[in-house]
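Reviewing the structure listed below.
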């Protein structure tokens with residue numbers, strides 16, 4: 001994986017495959033405390049105790065077509081590479097929370113990457129899922145939900161190419177603006 | 001949200017432009033989005049597909065996703081279904097994705113050399 005938004009996309013697809021109807025992605029960047037962390041929370045079917053013990057084993061998967069389960073292992077590895085922390089909590093039939101926290105200025109911390117593209121990829125084929133996105137950057141915050149978008153569309157389908165292309169541009173604009181640093185002390189946001 | 005006004009305008013335009021496009025309803029594109037697909041660039045492929053579908057005015061082609069289909073070395077991979085016809089394209093980069101929309105979806109030509117068979 002080249003950037004963190006690919007991990008976020010990957011973990012979120014696990015949620016979709018777990019049959020979630022609600023998906024929350026939260027990113028928090030705190031430059032003062034040198035932290036970049038993200039949380040993916042779903043209300044999917046959850047992971048039972050037996051599978052939980054093997055969830056970070058790359059040679060374990062519950063999927064029929066695959067022989068390896070690399071997603072979570074790759075994320076944990078990316079976290080450990082930059083002295084971060086990785087947590088996963090799950091309750092069968094209630095949902096799963098994956099949280100990854102990174103030392104923000106660690107030399108091995110991958111850039112956040114194309115988060116707008118990741119969100120739009122998630123929304124494109126999944127009309128039955130409510131997505132909530134919240135991104136905190138120091139004191140500033142940006143929130144987005146498919147619910148408010150749907151309301152604004154007044155019945156017109158969100159899963160229309162022109163709407164999704166608009167959404168991608170909108171999210172990219174807002175997130176870039178959010179992450180713009182006016183205080184040069186902290187350098188550029190990567 | 002200031003941009004909602006912008007979105008509303010877009011919706012009105014789209015609704016005005018909406019024509020009878022029934023024949024598009026049975027076309028779907030499924031992009032493989034397992035860990036392997038994502039690492040190989042599936043997200044970029046989705047973005048190009050959306051852009052090209054928009055450009056070509058194919059508003060009703062269903063873009064969906066599948067998980068790893070066990071063919072990781074051929075990622076990014078996508079499957080196009082039109083009625084009973086099913087075509088799998090392998091190693092789809094951004095250029096190919098654009099061409100697939102133009103040639104397969106618009107002109108109805110299967111680009112054999114990019115398929116899995």
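The values are calculated or read from the model by the stated rules, or taken from the named source; none is laboratory data. The structure presented is a predicted model; accordingly, all values stated were derived computationally and were not measured. Please note: Cβ atoms are built from the backbone with ideal geometry, for glycine as well, and neighbour counts cover all protein chains shown.
Descriptive notes on the structure:
- The set of residues in the range A:155-181 that are within 19 Å of residue A:126 (Cα to Cα) and not in a helix (DSSP H, G or I) comprises A:155, A:156, A:157, A:158, A:159, A:160.
- Filter result for residue B:47 (under 17 Å from residue A:121 (Cα atoms), at pLDDT 95 or above and within 12 Å of chain A (Cβ to nearest Cβ)): yes
- Any hit, the range A:54-73, residues being away from every other protein chain (no Cβ under 12 Å), in contact with a strand residue (DSSP E or B) (Cβ under 7 Å, 6 or more places away or on another chain) and farther than 20 Å from residue A:173 by Cβ: yes
- Residue among B:74, B:25 that alone is modelled with pLDDT of 90 or more, surrounded by fewer than 19 Cβ atoms within 10 Å (Cβ to Cβ) and more than 11 Å from the chain's Cα centre (by Cα): B:74
- Screening B:83, B:57 for residues that are over 21 Å from residue A:12 (Cβ atoms), away from chain A (no Cβ under 12 Å) and modelled with pLDDT under 95 leaves exactly one candidate, B:83.
- Restricting the range A:1-39 to residues that are within 13 Å of residue A:136 (Cα to Cα) and within 8 Å of the chain's Cα centre (by Cα), the residue that is surrounded by the most Cβ atoms within 10 Å (Cβ to Cβ) is A:25.
- Of all the residues in the range B:77-91, those that are in contact with a strand residue (DSSP E or B) (Cβ under 9 Å, 6 or more places away or on another chain) and either more than 17 Å from residue B:58 (Cβ to Cβ) or loosely packed, with under 15 Cβ neighbours inside 10 Å (or both) number 5.
- Selection over the range A:147-166 of residues that are exposed (fewer than 15 other Cβ atoms within 10 Å of the Cβ) and either free of Cβ contacts under 8 Å to residues at least 12 places away in the same chain or more than 10 Å from chain B (Cβ to nearest Cβ) (or both) gives a count of 5.
- The residue list A:54, A:93 contains one member that is free of Cβ contacts under 8 Å to residues at least 12 places away in the same chain, surrounded by fewer than 20 Cβ atoms within 10 Å (Cβ to Cβ) and not in a helix (DSSP H, G or I), which is A:54.
- Hey, residue A:47 more than 14 Å from chain B (Cβ to nearest Cβ), in contact with a strand residue (DSSP E or B) (Cβ under 8 Å, 6 or more places away or on another chain) and in a loop (DSSP other than H, G, I, E, B) or not: yes
- Total residues in the range A:115-140, condition out of contact with any helix residue (DSSP H, G or I) (no Cβ under 9 Å at 6 or more places or on another chain) and assigned to a helix (DSSP H, G or I): 0
- Here residue A:172 does not qualify as within 14 Å of another protein chain (Cβ to nearest Cβ), surrounded by fewer than 16 Cβ atoms within 10 Å (Cβ to Cβ) and either in contact with a helix residue (DSSP H, G or I) (Cβ under 8 Å, 6 or more places away or on another chain) or within 22 Å of residue A:13 (Cα to Cα) (or both).
- If you go through the range A:111-146 and keep only what is within 12 Å of chain B (Cβ to nearest Cβ), touching a strand residue (DSSP E or B) at 6+ places or on another chain (Cβ under 8 Å) and over 17 Å from residue B:65 (Cα atoms), you end up with A:115, A:142, A:143, A:144, A:145.
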